[in-house]
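Step one of this worksheet: look at the structure below.
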There are 2 protein chains.
Amino acid sequence: MKESSKEWSLSKQDERLGLLLWFRISRIYNQSIRQSNQHLKKWELSAAQFDVLVQVGSHERLSQQELADKLFVTKGNITQLLSKMEQMGLIKREQEWKTKYLSLTEKGRELFQEVVPQQEQFQAAQFSGLDEEEKKQLLQLLRKIQHKQRKE
Amino acid sequence: MKESSKEWSLSKQDERLGLLLWFRISRIYNQSIRQSNQHLKKWELSAAQFDVLVQVGSHERLSQQELADKLFVTKGNITQLLSKMEQMGLIKREQEWKTKYLSLTEKGRELFQEVVPQQEQFQAAQFSGLDEEEKKQLLQLLRKIQHKQRKE
DNA sequence: AGTCATTAGTTTAATACTAAACTTAAGTAG
DNA sequence: CTACTTAAGTTTAGTATTAAACTAATGACT
């Protein structure tokens with residue numbers, strides 16, 4: 001073993017593993033997103049809109065920037081998503097000084113009640129191949145990756 | 001009103017873990033893609049184009065459908081990606097009967113030599129927060145998820 | 001007050017990706 | 001040969017997403 005090697009010069013073996021990991025993760029992510037989109041069609045929602053619904057529905061006085069941060073997307077993306085969802089009558093934007101605070105409309109709240117439990121169950125079921133212990137392990141490993149990523 | 005049947009609370013716990021997992025995975029995926037896109041700017045390539053370059057460069061007589069399967073995207077997506085890359089002079093499409101076989105042009109091969117090793121290293125480095133043992137473990141867990149996913 | 005930096009959100013132009021409908025070529029069965 | 005089916009690729013219309021440039025409000029510093 002070579003603990004002396006610097007972090008940025010990976011061994012060939014480590015590099016191969018990293019690539020395999022990347023490949024697996026993309027595959028799982030893409031598959032999940034696709035399945036979620038299919039599942040959400042029942043309610044005429046997309047996965048992205050669902051994510052907004054969840055966040056706005058479960059936080060008071062969320063600003064657009066905060067929402068963007070929670071979802072790890074750009075604020076430009078949020079602007080566009082929200083315009084659509086405002087049109088659909090799900091979301092309200094209330095300006096207060098510089099900031100627009102978000103909340104669900106009555107219709108949005110109803111949809112939230114209806115769809116969130118079902119969709120969460122569906123999404124969680126993607127990981128039903130693992131038992132509780134394995135999920136915890138996986139979560140731990142993913143956290144480590146993110147921790148590192150953040151610093152770069 | 002505490003509904004404390006063992007099974008019920010266990011599955012609730014599992015559901016929470018599943019959601020956390022989904023959230024972590026999206027975040028890691030999105031972050032990685034974004035960083036890859038940035039890194040690939042040097043060569044005026046996108047992450048999607050890079051993936052095509054790798055696959056076409058390392059397989060003989062790949063059809064478009066096969067490429068789509070390898071990358072887990074739709075063939076419609078592939079058609080569009082390839083049109084662009086053909087225009088850029090990186091890829092050749094040769095029709096034989098019903099099928100179009102793909103290969104790199106001279107320019108494509110040069111780019112392949114130049115960019116693939118560097119980008120692979122970059123991509124693998126996203127997982128440098130884990131040691132070799134942990135990577136293997138993670139890979140194992142992801143494989144299990146995929147295995148289950150495929151069946152649904 | 002006047003200038004400068006920061007912050008929230010919007011706009012724009014581009015790529016990526018999907019689902020679904022479509023076209024065309026083969027392969028198969030009567 | 002005609003009709004049906006399947007397979008490869010294309011097209012279309014729509015969403016998602018980004019980066020970068022922009023607008024406008026806020027707040028400091030001098």
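For B:R143 and B:E94, what is the calculated FRET efficiency with R₀ set at 51 Å and r taken between the beta-carbons, to the nearest 0.05? The pair B:R143/B:E94 has a calculated efficiency of 0.90.
With both labels modelled 7 Å from their Cα along Cα-to-Cβ, the A:N77 to A:T105 distance reads 2.5 nm.
Taking K and R as +1 and D and E as -1, what net charge do the other residues with C-beta under 15 Å from the C-beta of A:E133 add up to? Around A:E133, the surrounding residues sum to 0.
The charge dipole of region B:6-123, taken about the Cα centre with unit charges on the Cβ atoms of Lys, Arg (+1) and Asp, Glu (-1), comes to about 380 debye, rounded to the nearest 20.
Copy-to-copy label distances for A:H59, where each label lies 7 Å from Cα along Cα-to-Cβ, are 4.1 nm in order of increasing length.
Taking 0.36 nm per residue of sequence separation and removing the Cα-Cα distance, the A:Q113/A:E133 pair yields an extension gain of 4.2 nm. Computed with a 1.4 Å probe over protein heavy atoms only, the accessible surface of chain B comes to 57 Å² per residue. Think of it as helices only: each DSSP H run of n ≥ 4 in the protein assembly as shown is worth -39500 (n - 2.57), and spread over all residues that comes to -23000 deg cm²/dmol at 222 nm. Of interest is the spacing of the C-alpha centroids, which for region B:10-41 and region B:66-130 amounts to 25 Å.
Put a label point 7 Å from Cα along the Cβ direction on A:P117, then list its distances to the equivalent points in the other copies in nm, shortest first. Sorted ascending, the copy-to-copy spacings read 5.8 nm. The 3J(HN,Hα) values that the Karplus relation (6.51, -1.76, 1.60; θ = phi - 60°) gives for region A:107-115 are, in residue order, 4, x, 5, 4, 4, 3, 4, 6, 9 Hz. Gly and Pro appear as x. The residues packed around B:L82, meaning those with a beta-carbon under 13 Å from its beta-carbon, carry a net charge of +1 if Lys and Arg are +1 and Asp and Glu are -1. Between this copy and the others, label points of B:Q87 are 2.6 nm apart in ascending order, each placed 7 angstrom from Cα in the Cβ direction.
Gaussian network model of chain A, Cα springs within a sub-10 Å range: biggest mean-square fluctuation belongs to which of A:D51, A:D14, A:D69? Most flexible of the set in this elastic network: A:D14.
Rounded to whole Å, the principal axis extents of the Cα atoms in the protein assembly as shown read 66, 48, 44, largest first. Each eigenvalue of the Cα gyration tensor of chain B, multiplied by 5 and square-rooted, gives one semi-axis; in descending order these are 38, 20, 14 Å.
Its relative contact order, with pairs defined as Cα atoms under 8 Å and 6+ residues apart, puts chain A at 19 percent. Applying a DSSP loop filter and a limit of 15 other Cβ atoms within 10 Å to the trypsin sites (Lys or Arg not before Pro) in region B:77-152 leaves B:K98, B:K151.
Between the listed residues B:L102, B:F23, A:Q121, the Cα displaced farthest toward the positive end of the dipole of the protein assembly as shown, a dipole computed from Cβ unit charges relative to the Cα centre, is found at B:L102. Leaving ligands and nucleic acids aside, the A/B contact buries around 6500 square angstrom of accessible area in total at a 1.4 Å probe radius.
The values are calculated or read from the model by the stated rules, or taken from the named source; none is laboratory data. The structure displayed is predicted, hence computed values, not measured ones. Because the Cβ atoms are built from the backbone with ideal geometry, glycine has one as well, and the counts that use them run over all protein chains shown. Surface accessibility is based on the protein's heavy atoms, side chains included, excluding ligands, DNA and RNA. Shrake-Rupley method; radii C 1.70, N 1.55, O 1.52, S 1.80 Å.
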